[in-house]
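Here is the structure we will look at, set down as structure tokens.
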Amino acid sequence: LNQKITLIDQNNYFTFTPMLHEAATGGVEPSHCAIPLRVLIAKPHTFVRAKITKLDPTKNEVTTSAGMFTYDYVIIALGSAVNYFKTPGAAENTYNVRTLPAAMKLQKAIINLLESCQDEISFTVVGGSYTGVEVAGQLTHFVESDIRELYPEKKVTINLIQAADSLVPILPKKTSQFIHKRLERKNVNIFLNSRATAVTKNSVTLADNTQVNSDLIIWAAGFENTGVC
């Protein structure tokens, strides 16, 4: 059979998302999280960097910024985006590690904060599942290594806000408790049963009206399907 696969994406790289929190804190280079798509596509298959503007299943056509393509079969795999759960202020006032550009934006914000005149700095992570605990854990490592060495005068506080009654609740209870104790030993302030109801540039309001003040807020509360091609 003469089969040919055409891969269309607006980015020319594949992102390995599990390492983005490390890229954000300088633990790994950004290039370690991105694999050029052309390296993965071998002839006769092709890659086209373009943005999809229309899909017509009646004509088997895909219209893109690089022209129109016909197909016998189409697979839609658009990935995911950050889910803010309609929380007021969350999208406008938080950072995330869902994409490589977002991770680099977070890295820049962290560096700017460390280079400021503030002696006391606080980070808040919203979401205590896999991504949230990974980000919080990476921040503790960042504090113990780079910040302690390069910014010894800085006092850093890390908060982790979780709506559920345990961290990473999908895991066995014993594992969840181990993660909790490990982060507490790393001086992470953990808020359980604490749903974020509003976010400003420097604070997170919880369901019980408690306000957690912070210099930088990272949203890791969940994701949703994306419609971006």
**Item:** Accessible surface, the chain, averaged per residue in Å² (probe 1.4 Å)
**Value:** 60 Å²
**Fill in**
Heavy-atom accessible area of the range 48-168 with neighbours in place, 1.4 angstrom probe: carbon+sulfur share in percent works out to 53 percent
**Fill in**
Counting only protein heavy atoms with a 1.4 Å probe and every protein chain in place, the carbon and sulfur fraction of the accessible surface of the range 171-229 in whole percent equals 47 percent
**Item:** Excluding exposed DSSP-loop GluC sites (Glu not before Pro) (at most 10 other C-beta within 10 Å), longest clean stretch of the chain
**Value:** 1-114
**Complete:** Ordered by number, the trypsin sites (Lys or Arg not before Pro) in the range 43-76 that occupy a DSSP loop and have at most 11 other Cβ atoms within 10 Å are K59
**Asked** Ordering Y73, Y13 from largest to smallest accessible area (1.4 angstrom probe), what's the sequence?
**Response** Y73, Y13
**Request:** Mind pulling the angle between the C-alpha long axis of helix 100-114 and the longest principal axis of the chain? Nearest 10 degrees, somewhere in 0 to 90.
**Result:** 30 degrees
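Could you calculate the FRET efficiency of S65 with I5 from 1/(1 + (r/R0)^6), where r is the beta carbon distance between them and R0 is 22 Å, rounded to 0.05?
Values: r = 20 Å, r/R0 = 0.90.
Efficiency, from the Cβ-Cβ distance: 0.65.
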**Request:** Measure nothing fancy, just the Cα-based angle from helix 130-142's long axis to the longest principal axis of the chain, in degrees from 0 to 90, nearest 10.
**Result:** 60 degrees
**Prompt:** What's the center-to-center distance, using Cα atoms, between the range 108-167 and the range 70-93 in Å?
**Reply:** 26 Å
**Asked** Do any trypsin sites (Lys or Arg not before Pro) in the range 157-190 lie in a loop, going by DSSP, with at most 15 other beta-carbon atoms within 10 Å of their beta carbon, and if so which?
**Response** K186
**Item:** Violating pairs (Cα-Cα greater than 24 angstrom) within the set K155/K186; K4/K54; K54/K108; K105/K154
**Value:** K54/K108
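The values are calculated or read from the model by the stated rules, or taken from the named source; none is laboratory data. All of these numbers come straight from a predicted model, not from anything done at the bench. Cβ: placed from backbone, ideal geometry, glycine included. Neighbour counts: every protein chain shown. Keep in mind that these areas ignore ligands, DNA and RNA; they rest on the heavy atoms of the full protein, side chains included. Shrake-Rupley method; radii C 1.70, N 1.55, O 1.52, S 1.80 Å.
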